[in-house]
Number of protein chains: 2
Amino acid sequence: MSDKNCGTGTSSGSGKKTSQRQQQSFQKKQAVIVKKASKLFIKKGYAQTSMRDISKATGINLGNLYYYINSKEEILCLAFNTYHAAMNEALEQKGILDIADPVEQLKAVLRQALENTYDFKDDILMMYRETRVLPRKIMKATLEKEGEAIKLFEDIIIRGNQSGVFRVHDPFFAANMIVLQLSLYSLRRWNLGDYTREEYLDLAEETILKSIIPETV
Amino acid sequence: MSDKNCGTGTSSGSGKKTSQRQQQSFQKKQAVIVKKASKLFIKKGYAQTSMRDISKATGINLGNLYYYINSKEEILCLAFNTYHAAMNEALEQKGILDIADPVEQLKAVLRQALENTYDFKDDILMMYRETRVLPRKIMKATLEKEGEAIKLFEDIIIRGNQSGVFRVHDPFFAANMIVLQLSLYSLRRWNLGDYTREEYLDLAEETILKSIIPETV
DNA sequence: GCTTAATGAAAACGAACGTTTGTATTATTA
DNA sequence: TAATAATACAAACGTTCGTTTTCATTAAGC
């Protein structure tokens, strides 16, 4: 399941006779590898992180690493799935996608997105930096996921325009801008470190909302 | 001059006895190397671009490349100087830094910055991606240059606040947001390709201004 | 004409890389 | 307990990397 969008084939561990307990422990170990490797990718960059680094960080023997993953690239792919999965799950679970009123929905989506982008700041920065490394196919899939997030905002803005509460010239453009703005903390943490999480969330929410609903704030 | 902030020592070509013509041709060739290498860095990434690639692209023999530059890293450093230099030159030459009225100055700086970020979209994207590769010292210097751009906007907003024409809660935060927004086209070109240059510039200017001067637009 | 700079081609360097292999060890199952 | 599958490990593979070196040639400056 975890390599549905990654890698080229099944890893050695997903043979037929494996019990459920074994599969679980296999996936758990794979997740550990991805998590630890992600931290290294974030700190040093993908190209500057060697499989030997990952071996040391996980405590798993270099050769044995390849029992759990097919390639270094696959680790990056698996790492890329973390963020959007968490975001979509949060939106669904909280029923934010079903809010009818455009203003309320915009505020709810925005708040959730800001919280997620803040908490995944490192992963997002890594995604900005390392997208190019992904194989073409997976890169496209990743950009498409981002495109869905943009479309979500675009649709809300269009609905707000229709009901007369927004007056945004170009909803598509505005949506693109918002999704970029969501990455503020990822891309400017070196300059924004003095704000607390809550300070940042409030300020960002206010700033972004003001460009869509100027009169309300 | 060109390696004032890069590399560790003087290259072979900048010895004492070299004539002015020789120095000029030396620097010209160095600039060609940096330019061609930049294109490769943009297309394939720094780590994925080998010195042999650069040799092929420039037509300069691999060993001979090291006559003009000290290291691969130095090429990246020199490439990083392109953008901010162009921006500062434009601001000075057009006298934008001397505009007294905050609204007029904001508009002028914004327009100039938008034009520059559009024209240097590839270089900026590369900077986002490859900053980490730079040696610590030069990375700091680069972030400081970005910090100056932020401060420029911050000061304008503060002046606008004082004269009562803006009402921005946190000028520092707003300035950071603006400078991020300037990178929209660099970071979202894959989604914004359908806009012409002028369409993009107008839309971006309007969107950014609206968050600072909501009532005017 | 002598010296020095510039250009070119080729080979070599040691280091580091991702990945594979063969073999050992441990756990599970029948 | 014997057989089988899952996991672990060390060593090695072949390649590529940034960089240096060597040698030969042409152009320019005093």
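The values are calculated or read from the model by the stated rules, or taken from the named source; none is laboratory data. All values reported here derive from a predicted model rather than from experimental measurement. Positions of Cβ are generated from backbone atoms using ideal geometry, with glycine treated the same way; all protein chains shown enter the neighbour counts.
Are any of the residues in the range B:164-172 facing another protein chain (nearest Cβ under 8 Å) and part of a helix (DSSP H, G or I)?
Of all residues in the range B:164-172, those facing another protein chain (nearest Cβ under 8 Å) come to B:169-170.
Adding the requirement that they be part of a helix (DSSP H, G or I) leaves none.
Checked the range B:164-172: no residue is facing another protein chain (nearest Cβ under 8 Å) and part of a helix (DSSP H, G or I).
List, please: which pairs have Cβ atoms under 9 Å, are six or more places apart or on different chains, and start with a residue in the range B:135-150 that is more than 10 Å from chain A (Cβ to nearest Cβ) and end with one that is surrounded by 15 or more Cβ atoms within 10 Å (Cβ to Cβ) and in a loop (DSSP other than H, G, I, E, B)?
Partner pairs satisfying both residue conditions: B:Ile138/B:Cys6; B:Ala141/B:Leu134; B:Thr142/B:Leu134; B:Ala149/B:Leu182.
Residues of the range A:173-193 being more than 7 Å from every other protein chain (Cβ to nearest Cβ) and at pLDDT 95 or above, which ones? Break it down stepwise before answering.
Going residue by residue through the range A:173-193, those that are more than 7 Å from every other protein chain (Cβ to nearest Cβ) are A:175, A:178-179, A:182-183, A:185-186, A:189, A:193.
Correct list: A:Ala175, A:Ile178, A:Val179, A:Leu182, A:Ser183, A:Tyr185, A:Ser186, A:Arg189.
Answer yes or no as to whether B:Asp53 is away from DNA strand D (no atom under 16 Å from the Cβ), more than 19 Å from the chain's Cα centre (by Cα), away from chain A (no Cβ under 14 Å) and among the charged types (D, E, K, R).
On the way: away from DNA strand D (no atom under 16 Å from the Cβ): no; more than 19 Å from the chain's Cα centre (by Cα): yes; away from chain A (no Cβ under 14 Å): yes; among the charged types (D, E, K, R): yes.
In short, no.
Please return the ranges of helices (runs of 4 or more DSSP H) entirely within the range B:1-83 where 2 or more residues are among the β-branched types (Val, Ile, Thr) and at pLDDT 90 or above.
Values: elements: B:20-44, B:51-58, B:62-68.
It comes to B:20-44, B:51-58.
How do the pairs read when you match residues in the range A:28-48 that are at positive phi with residues anywhere that are in a helix (DSSP H, G or I) and at pLDDT 95 or above, using Cβ under 7 Å and keeping only pairs 6 or more apart or on different chains?
A:Gly45/A:Arg129
Can you name the number of the only condition in (1) touching a Leu at 6+ places or on another chain (Cβ under 6 Å); (2) surrounded by fewer than 20 Cβ atoms within 10 Å (Cβ to Cβ) that A:Ala113 fails?
With (1) touching a Leu at 6+ places or on another chain (Cβ under 6 Å); (2) surrounded by fewer than 20 Cβ atoms within 10 Å (Cβ to Cβ) applied to A:Ala113, the lone miss is (2).
I'm trying to understand the selection: among the residues of the range A:53-64, which are in contact with a Lys or Arg (Cβ under 9 Å, 6 or more places away or on another chain), within 8 Å of DNA strand C (Cβ to nearest atom) and over 11 Å from A:Ala37 (Cα atoms)?
The one that is in contact with a Lys or Arg (Cβ under 9 Å, 6 or more places away or on another chain), within 8 Å of DNA strand C (Cβ to nearest atom) and over 11 Å from A:Ala37 (Cα atoms): A:Leu62.
Consider B:Lys137 carefully, then state whether it is basic (Lys, Arg), modelled with pLDDT of 95 or more and part of a helix (DSSP H, G or I). Write out each step before concluding.
Values: basic (Lys, Arg): yes; modelled with pLDDT of 95 or more: no; part of a helix (DSSP H, G or I): yes.
Criteria not met by B:Lys137.
Every residue in the range A:87-105 that is of a type in the set (A, V, I, L, M, F, W, C), in contact with a helix residue (DSSP H, G or I) (Cβ under 6 Å, 6 or more places away or on another chain) and part of a helix (DSSP H, G or I), please. Step through it out loud before you land on a result.
Narrowing the range A:87-105 to residues of a type in the set (A, V, I, L, M, F, W, C): A:87, A:90-91, A:96-97, A:99-100, A:103.
In the following step, the residues that additionally are in contact with a helix residue (DSSP H, G or I) (Cβ under 6 Å, 6 or more places away or on another chain) were identified as A:87, A:90-91, A:96-97, A:99.
Scanning the range A:87-105 gives A:Met87, A:Ala90, A:Leu91, A:Ile96, A:Leu97.
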